[in-house]
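Note sheet for the following structure.
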Amino acid sequence: MGSRKPHFLEACFLCRKPLGYNSDIFMYRGNTPFCSKECRQEQIEVDESVEKKSWKMSSSSSRSIRKSDPKDSASDKTIRTGTVAVA
């Protein structure tokens, strides 16, 4: 019974430095505490990098799915060429 779950504001999320009771706490995304602006900024940059990689992977996989879709092949589509006159 000696082990207790630590309170989320006890330590910096990034460097695990204990947060003082009378010191500034820099929050990010609601309930993620940091001991300094620098630690918070580093986490923001890590998150942005992960999100960009995830976005690139999801967009490239959806492109490859679209390319391999037989419904999109040009042989199945009617293509009309010519001149259109509008009065």
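Some observations on this one:
- Sequence-distant residues sharing a close amide H with SER36 (under 5 Å, placed H): PHE26
- Volume in Å³ per residue [convex hull over Cα atoms, computed for the range 8-53]: 64 Å³
Values quoted throughout were computed directly from the atomic coordinates according to the rules given, and no laboratory measurement underlies them. On a predicted model such as this, the values are computed, not experimentally measured, just so you know.
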